[in-house]
1. Can you check what the net charge comes to around Leu107, using other residues whose Cβ is under 13 Å from the Cβ of Leu107 (Lys, Arg +1; Asp, Glu -1)?
2. Given H placed on each backbone N at 1.01 Å, which residues far from Leu68 in sequence or on other chains put an amide H within less than 5 Å of it?
3. Looking only at Leu107, Leu170, Leu280, which one moves most when the chain is put into a Gaussian network model with springs between Cα atoms under 10 Å?
4. Restricting to DSSP loop positions (anything but H, G, I, E, B) with no more than 13 other Cβ atoms inside 10 Å of their own Cβ, which trypsin sites (Lys or Arg not before Pro) remain in region 75-140?
5. Can you tell me the orientation of helix 156-178 relative to the chain, as the angle in degrees between its alpha-carbon axis and the longest Cα principal axis, to the nearest 10?
6. Helix 276-301: angle to the longest alpha-carbon principal axis of the chain, degrees 0 to 90, nearest 10?
7. GNM, the chain, Cα, under 10 Å: largest mean-square fluctuation among Thr162, Thr257, Thr232?
8. Could you size up the charge dipole of region 2-301 around its Cα centre, putting +1 on the beta carbon of Lys and Arg and -1 on that of Asp and Glu, and report it in debye to the nearest 20?
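Please treat every number below as a calculation from the coordinates, not as lab data. Because the structure is a prediction, the values reported are computed rather than measured. So basically every Cβ, Gly included, is an ideal-geometry build from the backbone, and we count neighbours across all protein chains shown.
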Amino acid sequence: MLFTVVLAALTFAAVALVAGNNLSACVGPAVGSRILSKQFGALLGAVGFSAGLLVQGSFMTRAVGVLLPDASSVLRSEALLVAIVVFIIAHVIRVPMSLNMSLVGMLAGLSVAKYGVANSGYLFEVAVIWFAAPLIALVIAFWLIRFLNRGWPTNFWRRLQTYKLLLIVLSFSSAYVLGANTLGLIVATGGFDAASVLVAVAAIFVGSFLLGRGAIRRISEEFFLMRYANATATLVTSTFLVEIATVFNIPLSNTQTTTAAMFGTGLSYKKKYVSLKPFLTIVVSWVATPILSFAIGLALGRL
């Protein structure tokens with residue numbers, strides 16, 4: 001009973017942190033292009049997160065089931081706790097880190113410690129997707145922004161209104177796929193039942209409104225002041241790739257796809273629209289996060 005309560009508390013904390021941290025990746029482009037206010041962006045993101053978790057979040061139970069079959073509440077609690085601690089430490093020292101990648105690395109380390117290389121095939125699939133997705137996002141966004149900048153739709157005012165509508169829809173859809181994938185993975189680690197889902201939905205709104213609005217600046221301001229076309233290309237690309245990964249039960253951080261897509265749109269211009277330094281910092285974190293978490297999970301599993 002005690003560990004059931006602990007597991008629910010850790011699920012709440014992890015979901016709140018992810019909702020707050022990743023709100024920027026979903027609604028930041030629309031906020032940065034001055035279509036949504038930060039408050040309305042937080043609400044739209046929270047609703048999208050919740051919808052994705054409720055509709056497709058259970059898809060991630062396969063990922064947890066493959067990595068840690070029949071895992072006890074204690075082991076699940078340990079995985080969530082360490083992933084949260086690593087994420088918080090990274091936040092304090094201002095190193096960008098994905099809790100999604102941290103948790104997957106943790107589960108993979110525990111899996112190898114407990115079951116050897118029995119799940120190496122699935123881990124290889126995840127690694128390939130993590131490597132390929134940012135590159136695919138960069139290429140898709142690079143060419144998509146060029147298509148959009150040719151003047152679609154041709155009427156200027158109709159084009160403006162079309163972009164505004166698209167960005168609102170895409171902000172929701174981006175939040176939806178994150179709810180299905182990243183938040184689904186967290187809740188699946190906690191045990192995907194009615195109680196854990198209700199706890200997660202409550203955490204989504206707490207995280208979005210208390211932790212998320214300040215983080216929007218990372219996407220909307222730190223990289224570049226986004227044009228409507230840039231924001232549209234970024235969200236279309238990210239939403240598409242994360243949804244595909246979700247359908248195939250592969251955890252994928254939308255921070256990866258969103259950041260890579262943003263970089264791709266910037267590269268499509270002759271002038272410099274992207275600040276390279278924060279992008280490279282995030283790329284380094286993509287490599288370091290799962291490796292560090294894997295090592296911790298491996299050590300923890302062998303205790």
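1. Net charge in that neighbourhood comes out at +2.
2. none
3. Per the Cα network of the chain with a 10 Å cutoff, Leu280 tops the list.
4. Answer in residue order: Arg94.
5. 0
6. Once rounded, the angle reads 10 degrees.
7. Comparing Thr162, Thr257, Thr232 in a Gaussian network model of the chain, the most mobile one is Thr162.
8. The calculation lands at about 1380 debye.
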